[in-house]
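One structure is given below, encoded as structure tokens.
What follows draws every value from the coordinates through simple rules; no lab data is involved. Computed from a predicted model, the values in this text were never measured in an experiment. Note that each Cβ is placed from the backbone with ideal geometry, even for glycine, and that neighbours are counted across all protein chains shown.
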Amino acid sequence: MGLKGPFLHSVLFKKGKNGYYDKATVIYRDIIFRYSMLVRIEGQPTSRPFKDYELANWLLDNNTDFRDRYTIGPDRYTKRSSRIKNTIRKIQGKIDDLIKLGLIKRAGTVKQSKGTGTVFLYEFTRHTYFFLALLGSVGDESADEEVYNILQLILTDENAPSIFIFYSNLFKKIKERGLFSEIIIYPLTEAFFANKTYSHIMDLIFAKRELDDQKIMIWNSLQSETLKELDKDTRDRVLLILRDRIQDNIVSKVRSLKDYEEALIRSKESAQTLAVESYCKDCNTYVCALVDVIEYLDAISFPTDEPIRKICPTCSNNSLIIPKIPP
């Protein structure tokens, strides 16, 4: 079964065989790159509410395809009100796509100007302005501060889950060390253009970053430091997510899935326990064991050629080697 859209990259950057953006892409781009800035509230990463009628009315004058259709095309004698209605019908699916991508949200309803019905109000999300700031930061270090500030607003929303609080604190530490561009902005930008299947803007924010060994160590070290500073309830919630990410990566590499399943069941007893498959050099056998998640994260902060060693439950020697697999 093929992947289903919409996808962030294809919606905004899809080009036809001639090398130009196709008509649908231009409409999406006009909405995100131009109209979002027109309705943005000054000094804030959010927009005023708008109706599909307002957006359609603006597109008629500012989107090349719609403008040409009603100025030099066969529909040039169509009344303005009919043009707007036709345009609303054409863009409704695109608005729905942008909602799915997390770039637009419904912000309530309002009474129609004519009749007794109601129509939706829409707003551009903080994620839209984060995304625009991220793309605009390429080659412009002055834009880095805006990327960071909007990202922190997203992560510290009053309804933010524990994992967002964790990342907010982690990103703050990274920025304080002057590494926000190198560890967050540049890798995220590269990830966006390399992976064309992000179906929501949050997928991009938490995308896997391609970092060199030194930056991986910095990331892992600050990650462990951040975890230890969280209150116990928040830390346990975050550890559940990080632990599952590591175990998801481990499960595809284990030799004995049956033995590993047993270890996974035992790991559920504590949020701070991680199930791993390790190798004992002295016994020459693979052993599924439980380790402390924070200790594990501390260990992977060191160079990758230094193995994690534990006492083997079979031979009691310090010969159990645990592979380093980051979350």
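Given their separation in residues at 0.36 nm each and the Cα-Cα distance between them, Tyr186 and Ala160 gain 6.9 nm when the chain is fully extended.
Normalised by the number of residues in region 167-228, the mean separation of alpha-carbon contacts (under 8 Å, six or more apart) gives a relative contact order of 42 percent.
Applying the criteria of a DSSP loop state and at most 13 other Cβ atoms within 10 Å to the GluC sites (Glu not before Pro) of region 159-231 yields Glu210.
The distance separating the Cα centre of region 90-110 from that of region 1-72 comes to 12 Å.
Determine one quarter of the surface area of the Cα convex hull of region 117-256, which equals its mean projected area, and express it in nm² to one decimal. Don't skip to the end; give the middle numbers.
Numbers: hull surface 49.3 nm².
In nm², the orientation-averaged hull projection of region 117-256 is 12.3.
Restriction of the trypsin sites (Lys or Arg not before Pro) in region 24-109 to DSSP coil positions whose beta-carbon has at most 14 other beta-carbons within 10 angstrom yields Arg76, Lys79.
Normalising the average separation of contacting C-alpha pairs (under 8 angstrom, six or more residues apart) by the number of residues puts the relative contact order of region 133-210 at 25 percent. Working note: Cα atoms of region 190-258, range along each principal axis, descending, whole Å: 37, 35, 28.
By definition, a body whose alpha carbon gyration tensor gives a ≥ b ≥ c is oblate when a/c is 1.5 or more and a/b is not larger than b/c, and region 8-124 fits this oblate description.
In region 255-322, what is the volume of the convex hull around the alpha carbon atoms, normalised per residue and reported in Å³? Can you show the working numbers first?
Working: hull volume 5.9 nm³, N = 68.
Cα convex hull per residue, to the nearest whole number: 87 Å³.
Projecting the Cα atoms of Ala207, Ser181, Ala289 onto the charge dipole of region 181-290, computed from C-beta unit charges around the Cα centre, puts Ala289 farthest toward the positive end.
Taking the inverse of the mean 1/r over every pair of distinct Cα atoms in region 133-210 gives a Kirkwood hydrodynamic radius of 12.9 Å.
What Kirkwood radius, in Å to one decimal, follows from the Cα pairs of the chain?
On the way: mean 1/r = 0.0433 Å⁻¹.
Computed over Cα pairs of the chain, the Kirkwood hydrodynamic radius comes out at 23.1 Å.
With each run of n ≥ 4 DSSP H residues scored as -39500 (n - 2.57), what mean residue ellipticity at 222 nm is computed for the chain after dividing by its residue count and rounding to the nearest 500 deg cm²/dmol? Write down the numbers at each step before the final one.
Details: 14 runs with 160 residues, N = 327.
Calculated at 222 nm, the ellipticity per residue is -15000 deg cm²/dmol.
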